[in-house]
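Take a look at the structure set out below.
The values are calculated or read from the model by the stated rules, or taken from the named source; none is laboratory data. Treat the numbers as computed from the prediction; the structure is a model and nothing was measured. Because the Cβ atoms are built from the backbone with ideal geometry, glycine has one as well, and the counts that use them run over all protein chains shown. We work out accessible area using only protein heavy atoms, side chains counted, and drop any ligands, DNA or RNA first. Shrake-Rupley method; radii C 1.70, N 1.55, O 1.52, S 1.80 Å.
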Amino acid sequence: MSTTEARVAVVTGAARGIGAATAVRLAAEGRAVAVLDLDEAACKDTVEKITAAGGTALAIGCDVSDEAQVEAAVERVVRELGAPTILVNNAGVLRDNLLFKMSVDDWDTVMGVHLRGAFLTSRACQKHMVDAHFGRIVNLSSSSALGNRGQVNYSAAKAGMQGFTKTLAKELGKFGVTANAVAPGFIATEMTKATADRVGMGFEDFKAAAATQIPVARVGEPEDIANAVAFFTGEAAGFVSGQVLYVAGGPLD
Ligand SMILES: NC(=O)c1ccc[n+]([C@@H]2O[C@H](COP(=O)([O-])OP(=O)(O)OC[C@H]3O[C@@H](n4cnc5c(N)ncnc54)[C@H](O)[C@@H]3O)[C@@H](O)[C@H]2O)c1
(Lines give C-alpha, C1' and ligand atoms only; values in the text may rest on other atoms or scores of the structure.)
Protein backbone atom coordinates (compact mmCIF):
# COMPACT_ATOMS: atom_id res chain seq x y z
CA MET A 1 0.00 0.00 0.00
CA SER A 2 1.39 3.43 -0.77
CA THR A 3 0.08 6.90 -0.13
CA THR A 4 0.40 9.86 -2.43
CA GLU A 5 2.77 11.76 -0.16
CA ALA A 6 6.13 10.51 1.15
CA ARG A 7 5.89 12.34 4.45
CA VAL A 8 8.14 12.15 7.49
CA ALA A 9 6.68 10.52 10.60
CA VAL A 10 7.99 10.44 14.17
CA VAL A 11 6.90 7.48 16.29
CA THR A 12 7.93 7.53 19.95
CA GLY A 13 8.50 4.36 21.95
CA ALA A 14 8.96 2.55 18.65
CA ALA A 15 11.64 0.03 19.66
CA ARG A 16 8.99 -2.58 20.36
CA GLY A 17 5.30 -3.30 20.81
CA ILE A 18 2.63 -0.96 19.45
CA GLY A 19 5.18 1.72 18.49
CA ALA A 20 7.25 -0.74 16.44
CA ALA A 21 4.17 -2.09 14.63
CA THR A 22 3.04 1.48 13.94
CA ALA A 23 6.45 2.51 12.58
CA VAL A 24 6.48 -0.52 10.27
CA ARG A 25 2.93 0.17 9.11
CA LEU A 26 3.54 3.86 8.38
CA ALA A 27 6.75 3.01 6.51
CA ALA A 28 4.80 0.51 4.38
CA GLU A 29 2.57 3.42 3.41
CA GLY A 30 5.56 5.35 2.11
CA ARG A 31 6.38 7.46 5.17
CA ALA A 32 10.03 7.97 6.19
CA VAL A 33 9.94 7.06 9.87
CA ALA A 34 11.99 8.35 12.79
CA VAL A 35 12.03 5.49 15.31
CA LEU A 36 12.45 7.12 18.73
CA ASP A 37 13.05 5.26 21.96
CA LEU A 38 15.11 5.60 25.13
CA ASP A 39 18.05 3.65 23.71
CA GLU A 40 19.05 4.16 20.08
CA ALA A 41 20.49 0.63 19.83
CA ALA A 42 17.14 -0.85 20.88
CA CYS A 43 15.52 0.75 17.80
CA LYS A 44 17.69 -1.39 15.49
CA ASP A 45 15.14 -4.21 15.00
CA THR A 46 12.37 -1.83 13.97
CA VAL A 47 14.65 0.08 11.60
CA GLU A 48 15.94 -3.16 10.03
CA LYS A 49 12.42 -4.44 9.50
CA ILE A 50 11.51 -1.21 7.69
CA THR A 51 14.63 -1.00 5.54
CA ALA A 52 14.47 -4.72 4.66
CA ALA A 53 11.02 -4.03 3.19
CA GLY A 54 12.42 -1.14 1.13
CA GLY A 55 11.35 1.65 3.48
CA THR A 56 13.24 4.52 5.11
CA ALA A 57 13.84 4.69 8.86
CA LEU A 58 16.15 6.42 11.32
CA ALA A 59 16.86 5.27 14.89
CA ILE A 60 17.08 8.03 17.49
CA GLY A 61 17.72 7.64 21.21
CA CYS A 62 15.49 10.08 23.08
CA ASP A 63 13.80 10.31 26.46
CA VAL A 64 10.55 12.04 25.54
CA SER A 65 10.22 13.54 29.01
CA ASP A 66 13.47 15.51 28.56
CA GLU A 67 13.03 18.84 26.80
CA ALA A 68 16.58 19.14 25.44
CA GLN A 69 16.58 15.56 24.13
CA VAL A 70 13.26 16.07 22.37
CA GLU A 71 14.40 19.31 20.75
CA ALA A 72 17.65 17.67 19.61
CA ALA A 73 15.81 14.59 18.30
CA VAL A 74 13.38 16.63 16.21
CA GLU A 75 16.26 18.74 14.84
CA ARG A 76 17.99 15.52 13.82
CA VAL A 77 14.82 14.27 12.12
CA VAL A 78 14.64 17.52 10.13
CA ARG A 79 18.31 17.24 9.09
CA GLU A 80 18.35 13.55 8.22
CA LEU A 81 14.81 12.76 7.01
CA GLY A 82 13.07 16.10 6.52
CA ALA A 83 10.43 18.10 8.38
CA PRO A 84 8.13 15.83 10.39
CA THR A 85 4.43 16.26 9.66
CA ILE A 86 3.19 13.07 11.32
CA LEU A 87 3.69 12.42 15.04
CA VAL A 88 2.60 9.39 17.02
CA ASN A 89 2.93 9.89 20.79
CA ASN A 90 3.18 6.26 21.80
CA ALA A 91 6.01 6.06 24.39
CA GLY A 92 4.64 4.77 27.65
CA VAL A 93 5.39 3.20 31.01
CA LEU A 94 3.43 1.63 33.84
CA ARG A 95 4.09 2.18 37.53
CA ASP A 96 1.00 0.43 38.89
CA ASN A 97 0.12 0.44 42.57
CA LEU A 98 -2.85 1.07 44.79
CA LEU A 99 -3.09 4.71 45.83
CA PHE A 100 -1.95 4.16 49.42
CA LYS A 101 1.24 2.45 48.19
CA MET A 102 1.98 4.70 45.21
CA SER A 103 5.13 6.78 45.50
CA VAL A 104 5.52 10.32 44.21
CA ASP A 105 8.12 8.93 41.83
CA ASP A 106 5.59 6.43 40.41
CA TRP A 107 3.20 9.33 39.81
CA ASP A 108 5.78 11.70 38.32
CA THR A 109 7.34 9.10 36.04
CA VAL A 110 4.02 8.19 34.44
CA MET A 111 2.97 11.84 34.04
CA GLY A 112 6.43 12.66 32.69
CA VAL A 113 6.50 10.07 29.93
CA HIS A 114 2.89 10.25 28.77
CA LEU A 115 1.81 13.87 29.28
CA ARG A 116 5.02 15.88 29.46
CA GLY A 117 6.43 13.66 26.68
CA ALA A 118 3.47 14.19 24.37
CA PHE A 119 3.54 17.93 25.10
CA LEU A 120 7.27 18.26 24.34
CA THR A 121 7.19 16.25 21.10
CA SER A 122 4.02 17.96 19.86
CA ARG A 123 5.45 21.39 20.60
CA ALA A 124 8.69 20.54 18.80
CA CYS A 125 6.91 19.13 15.71
CA GLN A 126 4.02 21.56 15.34
CA LYS A 127 6.08 24.31 13.67
CA HIS A 128 6.94 21.93 10.84
CA MET A 129 3.30 20.91 10.47
CA VAL A 130 2.11 24.52 10.43
CA ASP A 131 4.78 25.43 7.84
CA ALA A 132 3.64 22.51 5.64
CA HIS A 133 -0.03 23.30 6.27
CA PHE A 134 -0.41 19.58 6.95
CA GLY A 135 -0.07 17.61 10.14
CA ARG A 136 -1.32 14.47 11.80
CA ILE A 137 -0.87 13.94 15.54
CA VAL A 138 -2.01 10.68 17.10
CA ASN A 139 -1.81 10.21 20.86
CA LEU A 140 -2.01 6.85 22.59
CA SER A 141 -4.64 6.89 25.28
CA SER A 142 -6.01 3.69 26.87
CA SER A 143 -9.17 2.01 28.06
CA SER A 144 -7.66 2.75 31.49
CA ALA A 145 -8.65 6.40 30.93
CA LEU A 146 -12.11 5.26 32.07
CA GLY A 147 -10.65 4.20 35.42
CA ASN A 148 -8.67 1.13 36.42
CA ARG A 149 -7.82 -0.21 39.85
CA GLY A 150 -4.12 0.17 40.67
CA GLN A 151 -3.56 2.81 38.02
CA VAL A 152 -4.45 6.26 39.40
CA ASN A 153 -1.33 7.64 37.75
CA TYR A 154 -1.75 5.87 34.40
CA SER A 155 -5.52 6.39 34.11
CA ALA A 156 -5.11 10.09 34.92
CA ALA A 157 -2.36 10.39 32.30
CA LYS A 158 -4.38 8.51 29.67
CA ALA A 159 -7.50 10.59 30.36
CA GLY A 160 -5.21 13.62 30.17
CA MET A 161 -4.09 12.50 26.71
CA GLN A 162 -7.70 12.81 25.56
CA GLY A 163 -8.06 16.42 26.76
CA PHE A 164 -4.63 17.21 25.30
CA THR A 165 -5.72 15.72 21.95
CA LYS A 166 -8.97 17.68 21.79
CA THR A 167 -7.19 20.94 22.61
CA LEU A 168 -4.53 20.31 19.96
CA ALA A 169 -7.34 19.69 17.47
CA LYS A 170 -8.93 23.05 18.33
CA GLU A 171 -5.67 25.03 18.29
CA LEU A 172 -4.09 23.54 15.19
CA GLY A 173 -7.04 22.72 12.94
CA LYS A 174 -6.84 25.92 10.94
CA PHE A 175 -3.25 25.08 10.03
CA GLY A 176 -4.23 21.79 8.39
CA VAL A 177 -3.24 19.76 11.45
CA THR A 178 -5.49 17.09 12.95
CA ALA A 179 -5.08 15.46 16.36
CA ASN A 180 -6.76 12.24 17.42
CA ALA A 181 -6.34 9.65 20.13
CA VAL A 182 -6.34 5.87 19.90
CA ALA A 183 -7.32 4.18 23.14
CA PRO A 184 -6.33 0.51 23.11
CA GLY A 185 -7.82 -2.18 25.28
CA PHE A 186 -5.69 -5.24 26.06
CA ILE A 187 -2.84 -5.55 23.54
CA ALA A 188 -0.28 -8.35 23.76
CA THR A 189 3.06 -6.58 24.29
CA GLU A 190 5.92 -6.45 26.80
CA MET A 191 3.77 -4.00 28.79
CA THR A 192 0.93 -6.48 29.37
CA LYS A 193 3.45 -9.30 29.82
CA ALA A 194 5.05 -7.28 32.64
CA THR A 195 1.61 -6.97 34.26
CA ALA A 196 1.13 -10.75 34.00
CA ASP A 197 4.55 -11.24 35.64
CA ARG A 198 3.63 -8.78 38.39
CA VAL A 199 0.42 -10.62 39.28
CA GLY A 200 2.21 -13.98 39.05
CA MET A 201 0.39 -15.37 36.00
CA GLY A 202 1.84 -16.94 32.85
CA PHE A 203 1.32 -14.65 29.87
CA GLU A 204 -0.72 -17.22 27.90
CA ASP A 205 -3.12 -17.75 30.84
CA PHE A 206 -3.28 -13.99 31.41
CA LYS A 207 -4.20 -13.37 27.74
CA ALA A 208 -6.76 -16.20 27.76
CA ALA A 209 -8.41 -14.76 30.87
CA ALA A 210 -8.50 -11.28 29.31
CA ALA A 211 -10.00 -12.67 26.09
CA THR A 212 -13.01 -14.03 27.98
CA GLN A 213 -13.96 -10.41 28.78
CA ILE A 214 -13.56 -9.13 25.20
CA PRO A 215 -16.51 -9.35 22.76
CA VAL A 216 -14.35 -10.46 19.79
CA ALA A 217 -12.98 -13.21 22.07
CA ARG A 218 -9.29 -12.47 21.62
CA VAL A 219 -6.76 -9.98 22.89
CA GLY A 220 -5.43 -7.30 20.57
CA GLU A 221 -2.16 -7.38 18.68
CA PRO A 222 0.08 -4.34 18.06
CA GLU A 223 -1.00 -4.36 14.40
CA ASP A 224 -4.63 -3.78 15.48
CA ILE A 225 -3.52 -0.42 16.90
CA ALA A 226 -1.17 0.35 14.00
CA ASN A 227 -4.17 0.02 11.64
CA ALA A 228 -6.13 2.63 13.58
CA VAL A 229 -3.15 4.99 13.71
CA ALA A 230 -2.66 4.55 9.96
CA PHE A 231 -6.25 5.68 9.39
CA PHE A 232 -5.84 8.84 11.46
CA THR A 233 -2.50 9.72 9.82
CA GLY A 234 -3.84 9.11 6.32
CA GLU A 235 -4.09 11.83 3.71
CA ALA A 236 -7.86 11.31 3.51
CA ALA A 237 -8.53 11.79 7.24
CA GLY A 238 -8.26 15.58 7.23
CA PHE A 239 -11.84 16.13 8.45
CA VAL A 240 -11.49 13.71 11.37
CA SER A 241 -10.06 15.55 14.36
CA GLY A 242 -10.31 15.63 18.14
CA GLN A 243 -11.66 12.09 18.27
CA VAL A 244 -10.93 9.25 20.66
CA LEU A 245 -11.16 5.81 19.09
CA TYR A 246 -11.35 2.89 21.52
CA VAL A 247 -9.74 -0.12 19.87
CA ALA A 248 -10.62 -2.81 22.35
CA GLY A 249 -12.44 -5.61 20.57
CA GLY A 250 -15.79 -4.29 21.71
CA PRO A 251 -17.47 -1.41 23.52
CA LEU A 252 -16.33 -0.42 26.99
CA ASP A 253 -18.53 0.32 29.96
N1 LIG B 1 -0.34 -2.91 25.66
C2 LIG B 1 -1.54 -2.49 26.00
O3 LIG B 1 -2.43 -3.29 26.35
C4 LIG B 1 -1.87 -1.02 25.97
C5 LIG B 1 -3.20 -0.65 26.23
C6 LIG B 1 -3.54 0.70 26.22
C7 LIG B 1 -2.58 1.66 25.93
N8 LIG B 1 -1.29 1.26 25.67
C9 LIG B 1 -0.34 2.34 25.39
O10 LIG B 1 0.27 2.10 24.13
C11 LIG B 1 1.60 2.62 24.15
C12 LIG B 1 2.57 1.51 23.74
O13 LIG B 1 2.45 0.44 24.66
P14 LIG B 1 3.14 -0.99 24.47
O15 LIG B 1 2.20 -1.98 25.03
O16 LIG B 1 3.67 -1.14 23.10
O17 LIG B 1 4.33 -0.83 25.56
P18 LIG B 1 5.83 -1.37 25.59
O19 LIG B 1 6.24 -1.30 27.01
O20 LIG B 1 5.95 -2.67 24.87
O21 LIG B 1 6.60 -0.27 24.73
C22 LIG B 1 6.71 1.05 25.18
C23 LIG B 1 7.97 1.66 24.58
O24 LIG B 1 8.07 3.00 25.06
C25 LIG B 1 9.43 3.24 25.38
N26 LIG B 1 9.57 4.32 26.36
C27 LIG B 1 9.26 4.29 27.68
N28 LIG B 1 9.59 5.45 28.25
C29 LIG B 1 10.12 6.24 27.29
C30 LIG B 1 10.64 7.55 27.25
N31 LIG B 1 10.71 8.30 28.36
N32 LIG B 1 11.10 8.05 26.08
C33 LIG B 1 11.05 7.30 24.94
N34 LIG B 1 10.57 6.05 24.91
C35 LIG B 1 10.11 5.52 26.07
C36 LIG B 1 9.92 1.90 25.94
O37 LIG B 1 11.35 1.83 25.95
C38 LIG B 1 9.25 0.92 25.01
O39 LIG B 1 10.04 0.62 23.88
C40 LIG B 1 1.84 3.17 25.54
O41 LIG B 1 1.58 4.55 25.56
C42 LIG B 1 0.81 2.43 26.36
O43 LIG B 1 0.49 3.13 27.54
C44 LIG B 1 -0.92 -0.05 25.69
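Which order, highest average first, do 233-245, 180-192, 9-21 follow once you tally other Cβ atoms within 10 Å for each residue and take the mean per peptide?
9-21, 180-192, 233-245
Hey, can you grab everything whose amide H is under 5 Å from the amide H of Leu245? Only 5+ residues off in sequence or another chain; H modelled, so Pro and N-termini drop out.
Ala181, Val182, Ala183
Quick one: grab the alpha carbon gyration tensor of region 189-230, order the square roots of its eigenvalues as a ≥ b ≥ c, and give me rounded if a/c is under 1.5, else prolate or oblate depending on whether a/b is larger than b/c.
oblate
As an exercise, find the ratio Rg/Rh for the chain from alpha-carbon atoms, using the Kirkwood inverse-distance average for Rh. The partial results should precede the final answer.
Numbers: Rg = 17.2 Å, Rh = 18.1 Å.
Here Rg/Rh amounts to 0.95.
Give me the net charge of Phe239's neighbourhood, meaning all other residues with Cβ under 15 Å from the Cβ of Phe239; Lys, Arg count +1, Asp, Glu -1.
Value of the local net charge: +2.
Pairs Lys44/Lys193; Lys101/Lys193; Lys170/Lys207; Lys158/Lys193; Lys49/Lys207: which exceed 29 Å Cα-Cα?
Lys170/Lys207
If you take the beta carbon distance between Lys44 and Thr212 as r and set R0 to 30 Å, what does 1/(1 + (r/R0)^6) give as a FRET efficiency, to the nearest 0.05?
My answer for the efficiency is 0.20.
Determine the distance separating the Cα centre of region 154-180 from the Cα centre of region 205-253; give it in Å without decimals.
Centre-to-centre distance over Cα atoms comes out at 18 Å.
Would you work out which of Val88, Gly30, His114 lies farthest towards the positive end of the dipole of region 23-119, given +1 charges on the beta-carbon of Lys and Arg and -1 on that of Asp and Glu, about the Cα centre?
Highest projection toward the positive end goes to Gly30.
What does the accessible area per residue of the chain come to in Å², with a 1.4 Å probe and no ligands, DNA or RNA counted?
Result: 46 Å² per residue.
In nanometres, what is the gap between the two model label sites at Asp105 and Val244, each 7 Å from Cα along Cα-to-Cβ?
Result for the modelled spin labels: 3.1 nm.
Note the angle between two axes, namely the Cα long axis of helix 67-80 and the longest principal axis of the Cα atoms of the chain, as a number of degrees from 0 to 90, rounded to the nearest 10.
Helix 67-80 sits roughly 50 degrees off the main axis of the chain.
How many percent of the accessible area of the chain is carbon or sulfur, using a 1.4 Å probe?
Accessible surface attributable to carbon and sulfur in the chain totals 54 percent.
With only Lys, Arg, Asp and Glu charged, each at its Cβ (+1 for the first two, -1 for the last two), find how big the charge dipole of the chain is about the Cα centre; round to the nearest 20 debye.
Around 560 debye, computed over the chain.
Collect residues whose amide H, placed 1.01 Å from N in the peptide plane, falls under 5 Å from the amide H of Thr178; neighbours closer than 5 in sequence don't count.
For Thr178, whose amide H was placed from the backbone, the distant partners under 5 Å are Gly135, Arg136, Ile137.
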